[in-house]
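Undergrad: Below you'll find the structure I mean.
The values are calculated or read from the model by the stated rules, or taken from the named source; none is laboratory data. Here the structure is a predicted model, which is why all the values come from computation and not from measurement. Methodologically, a virtual Cβ is constructed for each residue, glycine included, from the backbone with ideal geometry; neighbour enumeration extends over all protein chains shown. The accessibility values were calculated without ligands, DNA or RNA, using every heavy atom of the protein model including side chains. Shrake-Rupley method; radii C 1.70, N 1.55, O 1.52, S 1.80 Å.
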Amino acid sequence: MSKPALEDAVREQLQAYVDRNPLSSQRQVRAAKAMPGGNTRSILHFDPFPLAFERGEGAFLWSLDGHRYADFLGEFTAGLYGHSEQAILDALRATLERGLSFGGVNDLEPRLAELICARFPSLDLVRFTNSGTEANLMALALAVATTGRRKVLAFRGGYHGGVLTFGETPSPVTVPHEWVLADYDDVAGTRDLLREHGRELAAVLVEPMLGSGGCVPASQEFLEMLRAETSETGTVLIFDEVMTSRLSPGGLQQVTGVLPDLTTLGKYLGGGLSFGAFGGRADLMAAFDPTRPGALFHAGTFNNNVLTMSAGIAGLEQVLDDATLYDVNERGDRLRLALDAVARPAGLHVSGRGSLMTTHAGPPPYLPAAPLSREHALVKELVFFALLERGFWLARRGMVTVSIPVTDALCGELVAAFEDVVGTYQDVLL
Ligand code: PMP
């Protein structure tokens, strides 16, 4: 790989991006006057300025500058239903007619709770939050409160929300639990740590496939080991299925048959609106039962907001039948294999499962928590901007998701565009 040539190619792509997107550039200047770096959601920033969107429809987005993009980001998995699913829009319109913000319970939250408990095998009872982050915070709080222990084992490269982020070490804004960090999918190393800390561990917090950390699936052996060891010590096993719950009707826990004590959820289950949920074993969740003396308190003004509740119900009742979800994930598997076949000869690869995948700038194996080399960072930048120029929106870090309105034909277009990018830059990539 020739680094100067790679740097030149990136520079050219960046210039093309600047030239094509003057309104996004102007928006950034304005935004920076009222928000640090013009940003209120760190992941959405990239240099020289983030692309700004005006509207979405089906599988497409239109930018402020009037360009159309095929949406292969799918709002980091929350956009499973696409941008204009009629059942969801109709439910929202009908709900709006009944008014907002009741400050009381409503007839919608029990329905959504029933639907969600019925889907996920380990969920006896569930509570709602406003985000996946909050769901994880509450699940951890529950584990600490019910076990009376302070330590939590999590994984390098794991992401459970902005305040629950782990690289080689916890991020500076990660909440101060007593963290013990293990390497993801490392059966022997993790088992050793679990045995070493044993009955001091309140919880193990794990994604059954790393999502933001690079779409790295865990082995069956790893998940089974976590289940066996935590059962032994009375440690609460928490599966963060905020992303992976869409990989089958009952999430990855259904596929693997490994059932956690608590599960956290979010994203598409709120129909595309702010959402999170945590739930699991009835005896653990009972700690929040307000009819019991000494119950734990779990608050949140918008936990049962009628818009999220109705959009979530409409999605699960009217759109997301099992066949549709299997289809989306099979389409994702085909897309991943096709992208990977293009990527490998150029020294790249694509990992993931079902409708979730990430393109990596080097050959396998991908090491989740290792810092990217300068070359790999440049390759990622080049591929991202080159695909953007060709009309495809995906995560800056290379994550791709397949949403319901994304057709096989559109997947084919992405593969062709990726082939074109790899062909164009063959000499600088290798
Ligand atoms: N857990 C996982 C696995 C996630 O991917 C995310 C979000 N990307 C979260 C938790 C946090 O969810 P939210 O952004 O809704 O707070």
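Undergrad: In a GNM of the chain with a 10 Å cut-off on Cα contacts, which of L205, L44, L137 has the highest mean-square fluctuation?
TA: L44
Undergrad: Mind listing the Cα extents of the chain along all three principal axes, in Å, largest one first?
TA: Principal extents (largest minus smallest coordinate, Cα): 66, 57, 46 Å.
Undergrad: If you roll a 1.4 angstrom probe over the protein chains with everything in place, what fraction of the accessible area of the chain belongs to carbon and sulfur, to the nearest %?
TA: With neighbouring chains kept in place, the figure for the chain is 54 percent.
Undergrad: Using only Cα positions of the range 86-319, each an equal point scatterer, no hydration layer, compute I(q)/I(0) via Debye at q = 0.13, 0.14, 0.15, 0.18 Å⁻¹ and quote the log10 values to two decimals.
TA: Cα-only, vacuum Debye calculation for the range 86-319: -0.74, -0.85, -0.97, -1.34.
Undergrad: Roughly how compact is the range 319-430, stated as its Cα Rg over 2.2 N^0.38 Å to two decimals?
TA: 1.06
Undergrad: Now for a separate question. Just the number please: accessible area per residue for the chain, 1.4 Å probe, all protein chains included, in Å².
TA: For the chain, the per-residue accessible area is 42 Å².
Undergrad: Would you give the gap between the C-alpha center of the range 109-131 and the C-alpha center of the range 196-267, rounded to a whole Å?
TA: Measuring centre to centre over Cα atoms gives 17 Å.
Undergrad: Rounded to the nearest 0.05, what FRET efficiency do W62 and S274 have when you use their Cβ-Cβ distance and R0 = 22 Å?
TA: The computed FRET efficiency comes out at 0.45.
Undergrad: Something else: Would you mind checking which residues have amide H under 5 Å from D240's amide H? H placed 1.01 Å from N; only 5 or more apart, or other chain.
TA: HN-HN under 5 Å from D240: V206, E207, T264.
Undergrad: Could you check the simple spin-label distance between Q220 and T407, using points 7 Å along Cα→Cβ, in nm with one decimal?
TA: Placing both labels 7 Å beyond Cα along the Cβ direction yields 3.7 nm.
Undergrad: Place a point 7 Å from the Cα of S171 along the Cα-to-Cβ direction; which residues of the range 389-411 have their backbone N under 15 Å from it?
TA: 396-397
Undergrad: Run the numbers for L367 and F302: contour at 0.36 nm per residue of separation, minus the present Cα-Cα distance, in nm.
TA: 19.6 nm
Undergrad: Out of the DSSP beta bridges found with both residues in the range 86-319, what percent are antiparallel (nearest 5)?
TA: Antiparallel: roughly 45 percent of the beta bridges in the range 86-319.
Undergrad: Over what distance in Å are the Cα centres of the range 303-324 and the range 149-183 separated?
TA: Value for the Cα centre distance between the two parts: 31 Å.
Undergrad: Express as a percent, rounded to the nearest 5, the fraction of DSSP beta bridges in the chain (both residues included) that run antiparallel.
TA: Roughly 60 percent of the beta bridges in the chain run antiparallel, per DSSP.
Undergrad: Mind checking the full-extension length gain between A34 and D283? Use 0.36 nm per residue of separation minus the Cα-Cα distance, one decimal, nm.
TA: 85.0 nm
Undergrad: Also: Between D107 and L44, how many nm apart are label points set 7 Å from Cα along the C-beta direction?
TA: Result: 3.5 nm between the two label points.
Undergrad: When the Karplus curve 6.51 cos²θ - 1.76 cosθ + 1.60 is applied with θ = phi - 60°, which whole-Hz ³J(HN,Hα) does each residue of the range 32-44 get, with x for Gly and Pro?
TA: Per residue, the Karplus-derived 3J(HN,Hα) values read 6, 7, 10, 9, x, x, x, 10, 10, 8, 3, 4, 7 Hz.
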